[in-house]
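Down below is the structure, laid out as structure tokens.
The values are calculated or read from the model by the stated rules, or taken from the named source; none is laboratory data. Everything numeric in this text was worked out from a predicted model, so none of it was measured. Backbone-built Cβ (ideal geometry, glycine too); neighbour counts: all protein chains shown. Each accessible area value is taken on the protein alone, full model and side chains, heavy atoms only, with ligands, DNA and RNA left out. Shrake-Rupley method; radii C 1.70, N 1.55, O 1.52, S 1.80 Å.
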Amino acid sequence: MAVGDVLTLDWAEVSEVQDGLRNAIADGKRVIELEVPTTDRFKDAPLNRINEANTLYARELVRMFTQPQELCVVFPDASECKYAIEDWGGPVPFALSSLVKPKRQPDSVDKYVVMNPTFDVREYSYMDQLYSDEVQPKDGTMIIFNAELFKLRQGGLMGYYPDIIFPKIAEVRRRLIPQVESAYYLRIFRGPPVGALYRKYPGPWMVLRALEGTTFDVLAEFTQQS
């Protein structure tokens, strides 16, 4: 794609997200971000509806891992693990854990999907700790799903979480964010005009403007997210 081209998006089809994720894993990326619209981003949805949509989407996403004994899906707390099983209609073949009280996983587990750690700012620190304590020593892969990491990327006084007020988050930013690779990223801006920030690994970052339906005009391309 190039500036001025027209891009058609199928609104984060699972297969497209899996393709970007598969490419990033194959290239040896160890901390991978997925930012995927799972609800109508043009309407305000309650938190429980967003969490349910994320959970159902993730169940389809992780079907790409054909060896479920290698996988652990990590929710912010134990109650969300319980709700996930209910949403999925019963037990699943992979492990479940929580960020608050993580269960130590066997050596066979080397892929961790961390689900939407956004509601409580402390969840970012728990996620960083999980990576340091368990994922990194195994040379494993941590896949961060809908964590709104844009809130962490800018520090200083003008950041979403100013360093002086959130020193622990500043530590997470310095340690973890430089390692993050975005395998699939689609963030919609309501506008007007309606636009989006988009990337599918290993392609460039694109700034898009909505034309009609799922068609976008490519306004700009960048090699990395600013």
Restricting the search to the range 103-142, which residues are open to solvent by 10 Å² or more (accessible area, probe 1.4 Å), aliphatic (A, V, I, L, M) and assigned to a helix (DSSP H, G or I)? LEU130
PRO193 is checked against (1) open to solvent by less than 40 Å² (accessible area, probe 1.4 Å); (2) over 22 Å from the mean Cα position of the chain (by Cα) and fails just one. What number does that condition carry? (1)
Which residue, of TYR201, TYR161, is surrounded by 15 or more Cβ atoms within 10 Å (Cβ to Cβ), of a type in the set (Ser, Thr, Tyr), out of contact with any Leu (no Cβ under 6 Å at 6 or more places or on another chain) and under 23 Å from LEU130 (Cα atoms)? TYR161
What pairs come up if the first residue lies in the range 82-104 and is over 20 Å from PHE119 (Cβ atoms), the second is in a loop (DSSP other than H, G, I, E, B) and of a type outside the set (A, V, I, L, M), and their beta carbons are under 8 Å apart, counting only those six or more places apart or on different chains? PHE94/PHE65; ALA95/LYS103; ALA95/GLN105
Considering only residues that are part of a helix (DSSP H, G or I), among the acidic types (Asp, Glu) and touching a Lys or Arg at 6+ places or on another chain (Cβ under 9 Å), which ones fall in the range 66-102? GLU70, ASP87
Scan the range 164-186 residue by residue and report those that are open to solvent by less than 20 Å² (accessible area, probe 1.4 Å) and more than 18 Å from the chain's Cα centre (by Cα). ALA170
